[in-house]
1. Hey, residue 73 hits all of (1) modelled with pLDDT of 95 or more; (2) within 30 Å of residue 165 (Cα to Cα); (3) charged (D, E, K, R) but one; which does it fall short on?
2. Within the set of pairs 6 or more residues apart or between chains, which connect a residue that is open to solvent by 60 Å² or more (accessible area, probe 1.4 Å) inside the range 55-70 to a residue that is of a type outside the set (Phe, Trp, Tyr) and not in a strand (DSSP E or B) with Cβ atoms less than 7 Å apart?
3. Which number in (1) surrounded by fewer than 12 Cβ atoms within 10 Å (Cβ to Cβ); (2) over 11 Å from residue 173 (Cβ atoms) marks the one condition that residue 82 misses?
4. So is residue 146 open to solvent by less than 20 Å² (accessible area, probe 1.4 Å) and at pLDDT 85 or above or not?
5. Out of everything in the range 196-242 that is of a type in the set (S, T, N, Q) and outside any strand (DSSP E or B), what residue ends up being nearest to the chain's Cα centre (by Cα)?
6. Which one of these does residue 33 not meet: (1) under 16 Å from residue 163 (Cα atoms); (2) surrounded by 16 or more Cβ atoms within 10 Å (Cβ to Cβ)?
7. Is at least one residue of the range 3-13 loosely packed, with under 12 Cβ neighbours inside 10 Å, modelled with pLDDT under 85 and assigned to a strand (DSSP E or B)?
8. For the structure I just gave you, tell me whether residue 207 is open to solvent by 40 Å² or more (accessible area, probe 1.4 Å), modelled with pLDDT of 85 or more and on the phi > 0 side of the Ramachandran plot.
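The values are calculated or read from the model by the stated rules, or taken from the named source; none is laboratory data. Predicted, not measured: the structure shown is a model, and the values here were computed from it. As a convention, Cβ positions derive from the backbone with ideal geometry for all residues, glycine included, and neighbour counts pool all protein chains shown. Only protein heavy atoms, including side chains, enter the accessible area calculation; ligands, DNA and RNA are left aside. Shrake-Rupley method; radii C 1.70, N 1.55, O 1.52, S 1.80 Å.
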Amino acid sequence: MKYALGAALAAFIFAGCGDDDVGLVKNYTLPDFKSMNIGTAIEGSKICKNITWSKEENGGLKTVKMVCDVDVEHRLKSYKQEMLDSSLKRVMTFYEGKAYDAQGLLKLAKEHCKLNEAKFQETLKNQRQNRIFEEEWKSVDCDDKLKGEIPKESDTEIYIDSIMECLKAAIYYSQITAEQLDASFGHKEGGSSKLAIELNFIVNEGKSVNLSDKFKLITNGKEDPVNKMKSKDVIAGFYERQ
């Protein structure tokens, strides 16, 4: 009798574990993303500050929904750094083979340039009213001394205006705040936006898992109606490691 009860209890416990669709999805490795399982990819990335998993069933179709509350501030800071590095890299292409230091050029530009708040606000106004994007460097002012102090070579002097534009872009991303950058993307001012990513996973009868085409990008509680991304593109971001 004790053996029968023990066996029945064990069967109940393991049956319950087998029905844990959330656990199944989190431990599943997708064929197109074999580097790690789904749970490790999503929960180990730096994209989310909060993650919720829930299982659903509709007409016999079992799915697991994952909602990621994006760490917007971290993403904005990362974007700022990426664009700053990219701007400096463009500067250095004009000095290819020359022993100039990108950080030294940035330090020089910081002594002579500053983000113009009035121009930045005017740019935001134009973007909202006319949906016209203007290059970031146009919101930066530099004094007349910078052009004279920028290192020049015989093969770079003709590109001095392009070098100035790249340095202004670098100044833009080094001085703009996360809130200003968020606003430049068309989001609300007075604090970072709230962004959420919703992905859905289909649980098949054979305990295999498929990524559903159904997903959402939600900004400040509203779904993006013109989003043209695919769910595969979205989940790929969770597998990236720096």
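1. (1)
2. Within 7 Å, the pairs are 55/21; 55/22; 62/21.
3. Result: residue 82 fails condition (2) only.
4. On the way: open to solvent by less than 20 Å² (accessible area, probe 1.4 Å): yes; at pLDDT 85 or above: yes.
Here the answer is yes, as residue 146 does meet what is asked.
5. First, the residues of the range 196-242 that are of a type in the set (S, T, N, Q): 200, 204, 208, 210, 212, 219-220, 227, 231, 242.
Retained after the next criterion (residues that are outside any strand (DSSP E or B)): 204, 208, 220, 227, 231, 242.
Values: 204: 31, 208: 29, 220: 16, 227: 15, 231: 15, 242: 12 Å.
Here the residue is 242.
6. Of (1) under 16 Å from residue 163 (Cα atoms); (2) surrounded by 16 or more Cβ atoms within 10 Å (Cβ to Cβ), only one is false for residue 33: (1).
7. Our first condition is that a residue be loosely packed, with under 12 Cβ neighbours inside 10 Å; within the range 3-13, this holds for 3-13.
Okay, now just the ones that are also modelled with pLDDT under 85, so 3-13.
From the residues that got through so far, the ones that are assigned to a strand (DSSP E or B) too are none.
No, the range 3-13 has no match at all.
8. Working: open to solvent by 40 Å² or more (accessible area, probe 1.4 Å): yes; modelled with pLDDT of 85 or more: yes; on the phi > 0 side of the Ramachandran plot: yes.
Against the criterion (open to solvent by 40 Å² or more (accessible area, probe 1.4 Å), modelled with pLDDT of 85 or more and on the phi > 0 side of the Ramachandran plot), residue 207 qualifies.
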